[in-house]
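The values are calculated or read from the model by the stated rules, or taken from the named source; none is laboratory data. Worth saying up front: this structure is predicted, and the values here are computed from it rather than measured. FYI the Cβ positions are ideal-geometry reconstructions off the backbone, even for glycines, and counts take in every protein chain you see.
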Amino acid sequence: MSPVLERLLHALVALSCDFHVRFHDAALTTEQAAGFEASDLTGNTKCLALRDKDGARVVATVCGTSRLDLEAVRAALDLRRPRMASAAELVSQFGVEQGGVAPVGYAEGVVTVVDKAVLTQEKILISPGVNHATLEISGKDFARLADHFGTAVTTISRCED
């Protein structure tokens, strides 16, 4: 079991969160993962791993219908030049595989930030740290989970064009 998945599941149980995990074929994109759950992206999230020029590791989570605003992330976390992490960095620096970026559950040194709009969703779909599963959780329980992991909550998204 991946360390991220293990930490995430431990926290979900410790916080008595109501959640459900569905296993499916590997999905590398939000759209593919949504296909296993519903015909649209309502409640789905995009969890994106970022690296900063100074070496910071960040996971940013936005609603599936939004785009990540890198400038907002940069400003919120006082980063110099954030960029998307490579597939190799996902494994070596974050401990997850492509399509398996979870919003929380990382080892010390990975900063997590969630867009405020995610917490307003009734139901949230996230990757639990592997690309062949989707975890369903309420917005209320996800807020508790994010707080448990010390996740920053701010506006880091913009609407899709």
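Taking the stretch 120-134 as the range and being closer than 17 Å to ALA60 by Cα and not in a loop (DSSP other than H, G, I, E, B) as the test, the residues that pass are THR120, ILE124, LEU125, ILE126. The set of residues in the stretch 1-47 being surrounded by fewer than 20 Cβ atoms within 10 Å (Cβ to Cβ), at pLDDT 85 or above and in a helix (DSSP H, G or I) consists of PRO3, GLU6, ARG7, LEU9, HIS10, ALA11, VAL13, ALA14.
What is the residue count in the stretch 77-99 for residues that are of a type outside the set (Phe, Trp, Tyr) and buried (at least 21 other Cβ atoms within 10 Å of the Cβ)?
3
Residues that are under 10 Å from the mean Cα position of the chain (by Cα) and under 11 Å from ALA117 (Cβ atoms) within the stretch 49-67 comprise THR61, VAL62, CYS63, listed in sequence order.
Just one of the numbered conditions (1) modelled with pLDDT under 95; (2) surrounded by 17 or more Cβ atoms within 10 Å (Cβ to Cβ) is not true of ALA107: (2). Contact list please: Cβ distance under 7 Å, first residue in the stretch 48-76 and surrounded by fewer than 21 Cβ atoms within 10 Å (Cβ to Cβ), second residue part of a loop (DSSP other than H, G, I, E, B) and among the hydroxyl-bearing types (Ser, Thr, Tyr), pairs at least six apart or on different chains. Here the result reads ALA72/THR155, each pair linking the stretch 48-76 to a residue that is part of a loop (DSSP other than H, G, I, E, B) and among the hydroxyl-bearing types (Ser, Thr, Tyr).
Give the residue, chosen from ALA102, ALA146, that is buried (at least 18 other Cβ atoms within 10 Å of the Cβ), among the small types (Gly, Ala, Ser), in contact (Cβ under 8 Å) with a residue 12 or more places away in the chain and not in a loop (DSSP other than H, G, I, E, B).
Details: ALA102 fails: not in a loop (DSSP other than H, G, I, E, B).
The unique qualifying residue is ALA146.
Give the residue that is modelled with the lowest pLDDT, with candidates limited to residues of the stretch 111-123 that are under 13 Å from THR65 (Cβ atoms) and β-branched (Val, Ile, Thr). This residue is THR120.
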